[in-house]
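*Asks:* The structure that follows is given in the form of structure tokens.
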Amino acid sequence: MDIRPVSRVTVTDQVLEQLGSLILEEKITPGAKLPNERELAQMFDTTRGRVREALRALALIGLIVTRPGDGSYVASDAKMPPETLELMFFREARKYDDLYQARQLLEPPLYVMALTSVADADIVQLHDLLDEGEQVAYGSRSPEEFLDILDRYDALIVQLTHNAVLEKLMAIFRTMSRDLFLRLLRVPGAMLNSLDRRREITEALRLRDEERVRNAVNKHMESAREYYQASVANDAGE
């Protein structure tokens with residue numbers, strides 16, 4: 001009998017699955033406007049953050065179109081079969097170990113690529129984001145708020161590569177990895193450590209020093225690995 005181990009299913013996965021199925025089965029017609037985040041959160045009995053993650057994923061795989069200030073609409077050509085590669089990617093490839101290892105391979109080269117176009121104004125913006133993160137780390141200590149700031153930091157780094165494929169790929173990874181990084185950020189000291197490591201990276205970028213960038217990124221990834229292991233140990237002890 002062919003039985004696969006069960007995997008953890010998050011609330012975001014469930015929202016994504018239900019909305020995706022409704023769209024693919026045309027129970028929500030192409031071009032129709034979806035309820036707003038607050039309304040969807042009430043319908044699914046979950047948080048707006050979880051709904052936002054699911055909508056972001058649906059937009060990335062082309063099932064909906066998000067119009068800033070207006071809302072989300074079902075794509076006019078949303079006729080993909082249920083088992084497209086993209087949807088399977090979101091359904092199945094959410095194993096924490098696999099996601100973490102993939103980001104280890106993907107992220108370090110991005111920072112080196114960013115060196116070719118980073119400007120002083122970008123450095124200022126990166127520092128501003130880290131200052132904003134520090135306020136959260138010492139204030140509300142909300143992992144969700146903190147991660148939103150890190151997402152903006154990482155998004156700016158990817159934009160500096162001027163590579164549209166990498167931008168979309170990293171957007172997918174950020175969506176898929178959200179639960180993993182929220183898990184890491186709940187480990188005591190993780191937020192401040194993340195800020196320290198990113199400040200070292202930002203300083204290396206300011207100096208336009210490739211070797212220093214590589215060393216700072218490697219230090220950041222090694223530190224993240226240690227916090228990942230700590231989060232696993234915490235889960236095992238619960």
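*Asks:* Quickly run through the stretch 188-209 and pick out the residues that are closer than 14 Å to Leu130 by Cα and without any contact (Cβ under 8 Å) to a residue 24 or more places away in the chain.
*Replies:* Selection gives Asp196, Glu200, Glu203.
*Asks:* While we're on this one: So the check is Cβ under 8 Å with 6+ separation or different chains; which pairs have a first residue in the stretch 9-26 that's in the same structural domain as Ala75 (by TED's automatic domain parsing) and a second one that's at pLDDT below 80 and surrounded by fewer than 14 Cβ atoms within 10 Å (Cβ to Cβ)?
*Replies:* Gly20/Pro82; Ser21/Pro82; Leu24/Lys79; Leu24/Pro81; Leu24/Pro82
*Asks:* Please specify each residue of the stretch 137-160 satisfying the condition of being hydroxyl-bearing (Ser, Thr, Tyr) and within 21 Å of Gln101 (Cα to Cα).
*Replies:* Tyr153
*Asks:* Let me ask something additional. Scan the stretch 155-164 and give yes if some residue there is over 21 Å from Gln125 (Cα atoms) and surrounded by 15 or more Cβ atoms within 10 Å (Cβ to Cβ), otherwise no.
*Replies:* no
*Asks:* Just one of the numbered conditions (1) modelled with pLDDT of 85 or more; (2) over 18 Å from Asn218 (Cα atoms) is not true of Asp154; which one?
*Replies:* Result: Asp154 fails condition (2) only.
*Asks:* Let me ask you something else. Where residues in the stretch 209-229 are out of contact with any Leu (no Cβ under 8 Å at 6 or more places or on another chain) and of a type in the set (A, V, I, L, M, F, W, C), which of them is modelled with the lowest pLDDT?
*Replies:* That would be Met221.
*Asks:* Please go through the stretch 103-141 and pick out each residue that is more than 18 Å from Glu203 (Cβ to Cβ), small (Gly, Ala, Ser) and buried (at least 16 other Cβ atoms within 10 Å of the Cβ).
*Replies:* Passing the criteria: only Ala137.
*Asks:* Just to be sure I understand the filter: pairs with C-beta atoms under 6 Å, separated by 6 or more residues or on different chains, first member in the stretch 138-157 and free of Cβ contacts under 8 Å to residues at least 12 places away in the same chain, second member assigned to a helix (DSSP H, G or I). Which pairs pass?
*Replies:* That search, which allows pairs on different chains as well, returns Glu145/Val136.
*Asks:* Could you tell me how many of the residues in the stretch 11-31 are of a type outside the set (Gly, Ala, Ser) and assigned to a helix (DSSP H, G or I)?
*Replies:* Selection size over the stretch 11-31: 12.
The values are calculated or read from the model by the stated rules, or taken from the named source; none is laboratory data. For clarity, every value in this text was computed on a predicted model and none was experimentally measured. Glycine gets a Cβ as well: all are built from the backbone with ideal geometry, and neighbour counts include every protein chain shown.
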